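Below is one structure, written out as structure tokens; the observations come after it.
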Amino acid sequence: MSLLKIVRLHKDFGGVIAINALDFHVDEGEIVSVIGPNGAGKTTVFNLITGMQAPDSGEILFEGETIIGLTPDVLTGRGIARTFQNVRVFANMTVLENVMVAQHCRTSKGAVSAIFRTAGFRREEEEIRERAAEVLSFFGTRLVGYRFDQPAFMLSYANRRRLEVARAIATQPKVVLLDEPTAGMNPSETREMTELIGRLRDDRGITVVVIEHEMKVVRDVSDRVVVLDHGEQIAEGSYEEVTSDENVIEAYLGRPARAH
């Protein structure tokens, strides 16, 4: 059974079709890349999966059950996490606090325990702190040590992207959706993020769906590639299969000129 399955999904905005009869699946333990030219509907797919937008028709199944109508916080609790194309961190919180707050969906102590700082609350808070430090250590030396207490706005752009991934990991997801994780990174940073995407699956057992424009990243991380164009799936398969597909070449490069 697929971990995540999309069936005949459709979404339009004021008559403009964003997603049209989309079908694809993600199996547990896979890294699946979703690619396509600008405006192909890739981020809309992520928004529909994570409950930020509602589809007009079709089905989204997670672990065999429909998740349409569930709110983003409920879906996070179910095990679906994401990052965004435009980095969204809590700028005035510290690096450690950013990752601690992401674990709210896994806490059990309520407001009364927090107000009176009961022994159970203090114990859970320390566990959250330790888990946040462990997640940040996944990124090597990038986000540890003195950076724990550094406000997020002081981080470099690449480290803010890493922090957003760390925050997603901290929710203890079964699947994480990464929206252009290497956007704006230099070649060295891109290589590091590529390795990290692989380690999310290999070291932490997280299934990954990634939207990515950098084709070297897609080539190096993907078990399978799904290609969208104007909201429709035009190809699916290995990296080699989709990059040699005539429909994919046409979508990216345009229709070749006809000889006269």
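The values are calculated or read from the model by the stated rules, or taken from the named source; none is laboratory data. Predicted model only: the values in this text are computed from it and were never measured. Here Cβ is always computed from backbone atoms with ideal geometry, including for glycine, and neighbour counts include all displayed protein chains.
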**Report entry** Residue count, the stretch 15-33 (criterion: in a strand (DSSP E or B), of a type outside the set (V, I, T) and within 22 Å of H213 (Cβ to Cβ))
**Finding:** 5
Query raised in the report: Only one residue in A166, A133, A152, A119 is modelled with pLDDT under 95 and not acidic (D, E), so which one is that?
Result: A119
Query raised in the report: When the residues of the stretch 234-248 are filtered to those that are exposed (fewer than 13 other Cβ atoms within 10 Å of the Cβ) and among the charged types (D, E, K, R), which remaining residue is nearest to the chain's Cα centre (by Cα)?
Result: E240
Report task. Select from the stretch 169-183 the residues that are more than 19 Å from G77 (Cβ to Cβ) and modelled with pLDDT of 95 or more and list them in ascending order. Result -> L178, D179, E180, P181, T182
Report summary line: With criteria (1) in contact with a strand residue (DSSP E or B) (Cβ under 7 Å, 6 or more places away or on another chain); (2) surrounded by fewer than 21 Cβ atoms within 10 Å (Cβ to Cβ); (3) at pLDDT 95 or above, Q85 comes up short on (3)
**Report entry** Members of the stretch 202-211 found to be touching a strand residue (DSSP E or B) at 6+ places or on another chain (Cβ under 6 Å) and either more than 16 Å from F139 (Cβ to Cβ) or buried (at least 23 other Cβ atoms within 10 Å of the Cβ) (or both), listed by number
**Finding:** T207, V208, V209, V210, I211
Requested in this report: Could you check, for the stretch 184-202, whether at least one of its residues is under 18 Å from the mean Cα position of the chain (by Cα), part of a strand (DSSP E or B) and at pLDDT 95 or above?
Outcome: no
Query raised in the report: With (1) over 29 Å from E130 (Cβ atoms); (2) of a type in the set (A, V, I, L, M); (3) surrounded by fewer than 21 Cβ atoms within 10 Å (Cβ to Cβ) as the list, and V217 as the residue in question, which single condition is left unmet?
Result: (3)
Report task. Enumerate the pairs (first residue in the stretch 46-60 and closer than 14 Å to L4 by Cα and among the acidic types (D, E); second residue anywhere and in a strand (DSSP E or B) and modelled with pLDDT of 95 or more) with beta-carbon separation below 8 Å, excluding pairs fewer than 6 apart on the same chain, so at least 6 apart or on different chains. Result -> E59/K5; E59/I6; E59/V7; E59/R8; E59/L9; E59/T66
**Report entry** Members of the stretch 60-110 found to be in a helix (DSSP H, G or I) and at positive phi, listed by number
**Finding:** none
Query raised in the report: Identify, please: which residue in the stretch 37-59 is out of contact with any Leu (no Cβ under 8 Å at 6 or more places or on another chain) and either of a type in the set (A, V, I, L, M, F, W, C) or in a helix (DSSP H, G or I) (or both) and is, among those, surrounded by the fewest Cβ atoms within 10 Å (Cβ to Cβ)?
Result: M52
Requested in this report: Could you grab me the full set of residues in the stretch 131-157 that are assigned to a helix (DSSP H, G or I), out of contact with any Phe, Trp or Tyr (no Cβ under 8 Å at 6 or more places or on another chain) and under 24 Å from T207 (Cβ atoms)?
Outcome: R131, A132, E134, V135, S137
Report summary line: Expected output for the stretch 237-253 (first residue within 22 Å of I31 (Cα to Cα), partner among the charged types (D, E, K, R), Cβ below 6 Å, 6+ apart or cross-chain) is Y239/R219
Query - Candidates E59, E28 - the one that is in contact with a strand residue (DSSP E or B) (Cβ under 8 Å, 6 or more places away or on another chain), farther than 20 Å from P72 by Cβ and charged (D, E, K, R) - result: E28
